[in-house]
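Single-structure report; data block below.
The values are calculated or read from the model by the stated rules, or taken from the named source; none is laboratory data. Note that the structure is a prediction, hence the values are computed from the model and not measured. Every residue, glycine among them, receives a Cβ derived from its backbone with ideal geometry; neighbour counts consider all protein chains shown. We work out accessible area using only protein heavy atoms, side chains counted, and drop any ligands, DNA or RNA first. Shrake-Rupley method; radii C 1.70, N 1.55, O 1.52, S 1.80 Å.
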Amino acid sequence: MQILKTIQELRDFRAKCSGDVGFVATMGALHAGHAQLIKTSVSQNNHTIVSIFVNPTQFLPGEDLSRYPRTPEADIKICQLCQADAVFMPEVDEIYNQNEIKILAPKELSSTLEGVTRPGHFDGVCTILTKFFNIINPTNAYFGKKDAQQLIIIENMVKSLFMNVNIVPIDIVRSSDGLALSSRNSYLNDDELAQALKISRSLMKASNLIKAGELSSIEIKKAMSSILEPLRVDYIAIVDKNLNPVDKIELGNSIILVAVYVKNTRLIDNLWV
Ligand code: PAF
């Protein structure tokens, strides 16, 4: 497995790839969820490139950019174990200059849900992915459904800018007790981890209610809120695949999303119904 630091090294590596190239974009602190993305890419492509880059433009002032977990040695081992062919780990000034063009996520998709507390976040995501797609020119790019809004915005960007890459959504990976894996889980102590389990339990409750025939968004949200108590809920939303709120669950076309603070850590999770 090659470790690439510069854009030139990445371009040279890419030029030697033949057949399909899979790309997994990450910010490091890799866990089993990322491993699932990498393994799927390896199984579906001739070559797999993983990027590890804590992208500063998707963090707002006051967010956790400086304390975001950085575990490069462990990340490289995971990429090796998953049989990635190359890891791209650039420095920030290799990627960003001054006075650059930005790719803006559409307001309708980026100003709701995560966008309410994180305005501009998805512009940073779109900008970095445009850069990476341009350098790597991947055949397939793999993204977790855990970041549902991110996934929908990326699909929109690829479609509207005619980008020549196939976006492959991958199911959420959970710990044995149900917690959706996230690099930010590393901020939680044991007590907070136990509290965080309420999030997946609330989604499980929603799933059971739906299976029993309850399709009303109000009723489902009510049941979820009571499970999430006393955590500080940022939002519980039930939306369609354009992120528009729906009053009634439509099977195959609805997503239930939750954002919750466990102490100071903001966690998200969702269920694609
Ligand atoms: O989901 C993430 O980890 C990041 O938003 C991504 C896609 C790697 C872009 O920096």
- Task: With the checklist (1) out of contact with any Ser or Thr (no Cβ under 7 Å at 6 or more places or on another chain); (2) over 23 Å from residue 265 (Cα atoms); (3) open to solvent by less than 60 Å² (accessible area, probe 1.4 Å); (4) within 16 Å of the ligand (Cβ to nearest atom) in hand, flag the one item residue 150 doesn't pass.
- Result: (2)
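Rundown of residues vs (1) surrounded by fewer than 21 Cβ atoms within 10 Å (Cβ to Cβ); (2) modelled with pLDDT of 95 or more; (3) within 21 Å of residue 143 (Cβ to Cβ); (4) more than 21 Å from the chain's Cα centre (by Cα), yes/no style:
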| site | (1), (2), (3), (4) |
| --- | --- |
| 8 | yes, yes, no, yes |
| 15 | yes, yes, no, yes |
| 22 | no, yes, yes, no |
| 74 | yes, yes, no, no |
- Hits in region 167-220 (condition: open to solvent by 70 Å² or more (accessible area, probe 1.4 Å), farther than 17 Å from residue 29 by Cα and in a helix (DSSP H, G or I)): 190, 191, 201, 204, 205, 208, 211, 218, 219
- Message: Being of a type in the set (Ser, Thr, Tyr) and in a helix (DSSP H, G or I) is the filter here; which residues of region 1-54 pass it?
- Response: 40, 41, 43
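When region 31-66 is examined, which residues are found to be open to solvent by 50 Å² or more (accessible area, probe 1.4 Å) and within 15 Å of the ligand (Cβ to nearest atom)? Show your work before the answer.
Filtering region 31-66 down to residues open to solvent by 50 Å² or more (accessible area, probe 1.4 Å) leaves 32, 36, 39, 43-44, 46, 57, 61-63, 65-66.
Hits for region 31-66 are 32, 36, 57, 63, 65.
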- Item | Any hit, region 24-33, residues being at pLDDT 95 or above and over 21 Å from residue 267 (Cβ atoms) | yes
